[in-house]
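Worksheet: the structure to be examined is printed underneath.
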Amino acid sequence: MQFDQHRREFIALLGGAAAWPLAARAQQALIPMIGFVYPGVPELSAGVVAAFRKGLNETGFIEGRNVTVEFRFAYNDNARLPELVGDLVQRGVAVIAAPASTPAALAAKAVTATIPIVFSVGADPVEIGLVPSLNRPGGNVTGISSMNAELGTKRLGLLHELLPRAVRFAVLLNPNNRSTDALTRDLQATASAIGKQVEVLTARNSREIDAAFATLSQRPADALVVTPDQLLDNRRVQVVTLATHYRLPAIYPFRENVEIGGLMSYGSSAAERDRQVGIYTGRILKGEKPADLPVIRASKFEFVINLQTARVLGLDVPATLLGTADEVIE
């Protein structure tokens, strides 16, 4: 009798032990998985990832606790993006987050029409074909428009206010960027209206960035407008260093450029943009449909001036310009 009792207890123990892996797998299956795809490199993506996680946390999702995130980086090779997105689809992610990248967002949309996609782009999402409408995006795609690609005219105006006697402005852009043609037309029209000239400098890679600045030693410009682009943002240290080397007053789309020594920046907050991607991702995980989430358009823009850089360049920043700055770095 005692032997039978021990035998039953032993069998029950074995049954419980066998159930543990099943329970663990069931619990893992209940934890949603997010696919995060970014065209840059991990080392330069810490700010994007941190802001995304912050937004995700605000909706109640903590990575490693009740959600997992699969990160995929293209290492500045956009041709890899479809393959990376395809891998995330095969892994069964619940949502794909494609922050701060038009190529990543378009690659995700081309790969899947069912898995929800949350993007953030600088261009007009309707114009580039991501959504049919900002208010009612429909389908499986929604996100954030930082509107940075539409602010070239404003940046040129701020440079003109700083340097009213300047005649020739250079514009650095990536010709592979979908917003390039519209941005170039706007800048040339604005420059022409105030009697100024625009010299377009193109760069598709790091080597061409060096070459673009080298041309300025042969055809000098009075100032430079750096356009919003993934390549130029990833190479921000190179761009800011070259602008300083050539003693070229420059305005950038992101405050991060000014924080490392750039002269001025004007644009929407990159951190807020990526935080909103995290928030929308969390809301979708909770059951909301991307088709019902309107595309968020940036409404707050930052103007930042680095006075130390202005002194190095021998520039006196007008009091009126300082008065309009959201932040002045001494």
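Can you put His245, His160 in order of accessible area, largest first, using a 1.4 Å probe? Walk me through the numbers on the way to the answer.
Details: His245 130, His160 55 Å².
Per-residue accessible area, sorted high to low, gives His245, His160.
Which whole-number percent gives the relative contact order of the stretch 283-330, counting Cα pairs below 8 Å spaced six or more residues apart?
About 41 percent, as a whole number.
Quick one: how many Å² of Arg236 are accessible to a 1.4 Å probe, rounded to 10?
Its heavy atoms expose roughly 60 Å² to the probe.
If DNA, RNA and ligands are ignored and the probe is 1.4 Å, what is the ranking of Lys196, Lys300 by accessible area, most exposed first?
Result of the area sort, largest leading: Lys300, Lys196.
Tell me the relative contact order for the stretch 58-174 as a rounded percent, counting alpha carbon contacts under 8 Å between residues six or more apart.
17 percent
So what is the accessible area of the chain per residue, in Å², with the probe set to 1.4 Å?
For the chain, the per-residue accessible area is 48 Å².
Please check: in the Gaussian network model of the chain (C-alpha springs, under 10 Å), which one of Leu163, Leu30, Leu313 has the largest mean-square fluctuation.
Leu30
Which residue fluctuates most in the GNM of the chain (Cα springs below 10 Å): Gln308, Gln90, Gln276?
Gln90
Can you tell me what the convex hull of the Cα atoms of the stretch 210-311 projects to on average, as an area in nm²?
7.9 nm²
Can you work out the Karplus-derived ³J(HN,Hα) for every residue in the stretch 254-263? Use 6.51 cos²θ - 1.76 cosθ + 1.60 with θ = phi - 60°, whole Hz, and x for glycine or proline.
10, 4, 4, 5, 6, 5, 9, x, x, 6
Given the whole protein assembly as supplied and a 1.4 Å probe, what does the accessible area of Phe303 come to in Å², nearest 10?
Looks like 10 Å² after rounding.
Let me know the number of lysine pairs in the chain closer than 17 Å at the Cα, not counting same-chain pairs under 8 apart.
Lysine pair count for the chain: 4.
Below 8 Å, C-alpha to C-alpha, sequence gap of six or more: please give me the relative contact order for the chain in percent.
19 percent
Which of Val198, Val258, Val317 moves most in a GNM of the chain, Cα contacts under 10 Å?
For the chain, modelled as a Gaussian network with Cα springs under 10 Å, the answer is Val317.
Excluding ligands and nucleic acids, what accessible area in Å² is computed for Asp316 using a 1.4 Å probe, to the nearest 10?
Surface open to solvent at Asp316 totals about 140 Å².
I'd like the antiparallel share, as a percent to the nearest 5, of DSSP beta bridges with both residues in the stretch 221-321.
Percentage antiparallel, nearest 5: 55.
Probe radius 1.4 Å, ligands and nucleic acids ignored: give me the carbon and sulfur share of the accessible area of the stretch 109-172 as a rounded percent.
54 percent
The values are calculated or read from the model by the stated rules, or taken from the named source; none is laboratory data. Worth saying up front: this structure is predicted, and the values here are computed from it rather than measured. Remember, those area values only see protein heavy atoms, side chains included, never the ligands or the DNA or RNA. Shrake-Rupley method; radii C 1.70, N 1.55, O 1.52, S 1.80 Å.
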